[in-house]
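First up is the structure itself, then whatever we jot down about it.
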Amino acid sequence: MKTMATAVARHRVSAFLSIFTVILTALYIVAIFPRKPHYSSHLPTSRPLGQGSRPTTSRAVVGNSEVPLLQTPSPVLPSPPVATRPIQFDAPAVPAELSGDYGLSDEQCDLYFPDLYQEIDRAASYARDHGNISTDDLDISWKKDGLVRAMIHDRKLYILNATYSGAGYNIRRSLAILGSINRAMVAYQGPIPDTEFTFSVNDIADPDHVGKPVWTFSRLAENEQQWLMPDFGYWSWELELVGEYEDVRSRIAAIEEPFLEKTAKALWRGAKNNDLRTDLLRVAEESGSQWGDIQEIKWASRTRISSHTKGNAIPIPEHCKYQYLIQTEGASYSGRGKYLQNCNSVVIIHKRRWIENYHHLLIADGPHQNFVEVERNFSDLPQTMHDLVVDPANAEKIANNSVKMFRDRYLTPAAQACYWRRLLSAWSEVSPKPELYDAGDVADQSKSLVDVDGGRKLRGIPYETYVLTAFDQSLNCGWFRRMFRRC
Ligand SMILES: *[C@@H]1O[C@H](CO)[C@@H](O)[C@H](O)[C@H]1NC(C)=O
Ligand SMILES: *[C@@H]1O[C@H](CO)[C@@H](O)[C@H](O)[C@H]1NC(C)=O
Ligand SMILES: *[C@@H]1O[C@H](CO)[C@@H](O)[C@H](O)[C@H]1NC(C)=O
Ligand SMILES: *[C@@H]1O[C@H](CO)[C@@H](O)[C@H](O)[C@H]1NC(C)=O
């Protein structure tokens, strides 16, 4: 009798435990369900080879931001950015020994890269027409993730504030941008203005349409107040398939073949994470075996490709073995484009919505054509490929124009450094001059960033120190918040 009672009691306890476990599990699932997996909310959505975010939700939250592109497809495309001044096609070639020089003089920057600065001039003129940049504009409380406030004072870079979440993905991008700015500054002999600025490292700088004049990798035509900067990939993309920018360029140079000897097909690898990529895969499936090598990549984590599509992955330099390379927008722009344009190949791009700092130099027709444009749904891609493949001399000419414009001129490391310095000087002319020391309340020593000279404290952390400490922030994510994907 007693044994039976014990058995019943045990049974009850175990039933209770099972129910309790089920409830706990359900609660946990409910708690994390609306969030994306931790890694995937920090994926480089503009990653060159495939996009990490899985199309798991219809909310289309990709990378760090909501993607208006996927939610409200605009029926009318804004006109793509075009050069507002005649492009100087006869500018002198950049001598090979200068193409990796981060410290060209202003005269050299103007001589070799005369058409590089259109986006800077446009944003500066927009700022002047709208009362210039105010101190309030430099506040970064308008977005909770992916903003950095920094300044240059007396040729030194300081980080004033930054908002990061997650396990360091935005910190990496920020360090790449800060490194690029610092490199362009220290390599240069001339004067650098004191200036204070903010930049965003998300694919979409302003998902809530706050309208701040922030520096960003990419913008829509309507984001006129935004200032475009070169993206983190010109520093390095810490993926095995990509890597440091100059290394990518030299690995490409080592295997580059004459155009006509390359595979006469169109190559694309990537994740199916937006409508236009789905369209590309569908068009390729229907007719692509003749003209294309178009394959999906699935990412298992931020840096790891799922095992069943691993065989499809191709390192960036190997892309150059194809005559035709397809470039697709991702969560917003796609950082892959500049790598493809480092190949002596024809880059095929659908009609674009997202603008990068050099996009006004893309020419879709005429004697200087340097890429091939197709519809956003790729409906004309099979016919376009047919036309290209039957006329290889024309295709080779487009590739030659691309190499001349992009690989050997505007996408050189030297050009990007010139762009950074021009951005700093144009911005400094329309924005407030920064103070080096904090003029505010110094009584609260616990808030002090750095103490110097008997109480005066620097407003920011010197770049040299910051690179050593930036990742400490991500260590503040405790197991509880991590479990509930709060950071
Ligand atoms: C904006 O900056 C420009 C260049 O420094 C200056 O000439 C202009 O007066 C400024 N405009 C306003 C409204 O402050
Ligand atoms: C940094 O930014 C955060 C979030 O916008 C803000 O709450 C904080 O006061 C800022 N810190 C400093 C030192 O400016
Ligand atoms: C593809 O886009 C073009 C241009 O917007 C349109 O005319 C065409 O109907 C579309 N095709 C499909 C299959 O959706
Ligand atoms: C493209 O450039 C290569 C190398 O400079 C040259 O040999 C070839 O003739 C050019 N082709 C065309 C069609 O201009």
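Since every read-out is calculated from the coordinates, none of them should be taken as a lab result. Bear in mind that the values here come from a model prediction, so they are computed numbers and not experimental data. Cβ sites come from the backbone with ideal geometry, for glycine too, and all protein chains shown count toward neighbours.
Of the listed pairs 144/457; 156/212; 212/310; 262/338; 321/351, which have alpha-carbon separations greater than 29 Å here? Mind dumping the intermediate values first?
On the way: 144/457 26 Å; 156/212 25 Å; 212/310 41 Å; 262/338 20 Å; 321/351 24 Å.
Correct reply: 212/310.
How big is the Kirkwood radius of the range 85-213, worked out from every pair of different alpha carbons and given in Å to one decimal? Can you show the working numbers first?
Details: mean 1/r = 0.0589 Å⁻¹.
Over the range 85-213, the inverse of the mean reciprocal pair distance is 17.0 Å.
Among rounded, prolate and oblate, which fits the range 269-324 when a ≥ b ≥ c are the square roots of the eigenvalues of its C-alpha gyration tensor, a/c under 1.5 means rounded, and a/b larger than b/c means prolate? Mind dumping the intermediate values first?
Values: a/c = 2.03, a/b = 1.24, b/c = 1.64.
Because a/c hits 1.5 or more and a/b fails to exceed b/c, the range 269-324 counts as oblate.
Which order results if 389, 347, 82, 214 are arranged by neighbouring Cβ count within 10 Å, fewest first?
Values: 389 16, 347 22, 82 13, 214 26.
Listed from fewest to most nearby Cβ atoms, that is 82, 389, 347, 214.
Between the range 389-417 and the range 304-340, what is the C-alpha centre distance in whole Å?
With the range 389-417 and the range 304-340 each reduced to a Cα centre, they are spaced 18 Å.
Using 7 Å Cα-to-Cβ label points, what is the residue 97/residue 83 separation (nm, one decimal)?
2.9 nm
What do you get for Rg/Rh over the range 230-329 if you use C-alpha atoms and the Kirkwood form of Rh? It would help to have the intermediate numbers written out before the result.
Working: Rg = 14.3 Å, Rh = 14.7 Å.
On the Cα set of the range 230-329, Rg over Rh gives 0.97.
Under the rule a/c < 1.5 gives rounded, and otherwise a/b versus b/c splits prolate from oblate, where does the range 322-368 land using the Cα gyration tensor?
Working: a/c = 1.70, a/b = 1.20, b/c = 1.42.
It is oblate, given that a/c is not under 1.5 and a/b is not larger than b/c.
Please give the direction-averaged projected area of the C-alpha convex hull for the range 160-255, in square nanometres with one decimal. Can you show the working numbers first?
On the way: hull surface 34.6 nm².
In nm², the orientation-averaged hull projection of the range 160-255 is 8.6.
Tell me, 183, 352, 456 in order of fewest to most beta-carbon neighbours within 10 Å? Don't jump to the answer; show the numbers that get you there.
On the way: 183 18, 352 23, 456 14.
Going from sparsest to densest Cβ surroundings: 456, 183, 352.
Roughly what would the spin-label model give for residue 287 and residue 126, points 7 Å off Cα along C-beta, in nm?
A separation of 3.8 nm, rounded to one decimal place.
Using the Kirkwood formula on the Cα atoms of the range 146-210, what hydrodynamic radius do you get, in angstrom to one decimal? Before the final figure, lay out the partial values.
Numbers: mean 1/r = 0.0783 Å⁻¹.
Kirkwood hydrodynamic radius for the range 146-210: 12.8 Å.
Which number comes out as Rg/Rh for the range 275-406 once both Rg and the Kirkwood Rh are worked out on C-alpha atoms? Spell out each step's value before the answer.
On the way: Rg = 14.7 Å, Rh = 15.5 Å.
That ratio equals 0.95.
Rounded to the nearest Å, what's the spacing between the alpha carbon centres of the range 200-225 and the range 163-199? Just the number, please.
17 Å
Going by the alpha-carbon gyration tensor, a ≥ b ≥ c the square roots of its eigenvalues, is the range 348-393 rounded (a/c under 1.5) or, if a/c is not under 1.5, prolate (a/b greater than b/c) versus oblate?
On the way: a/c = 3.33, a/b = 1.34, b/c = 2.50.
In terms of gyration-tensor shape, oblate.
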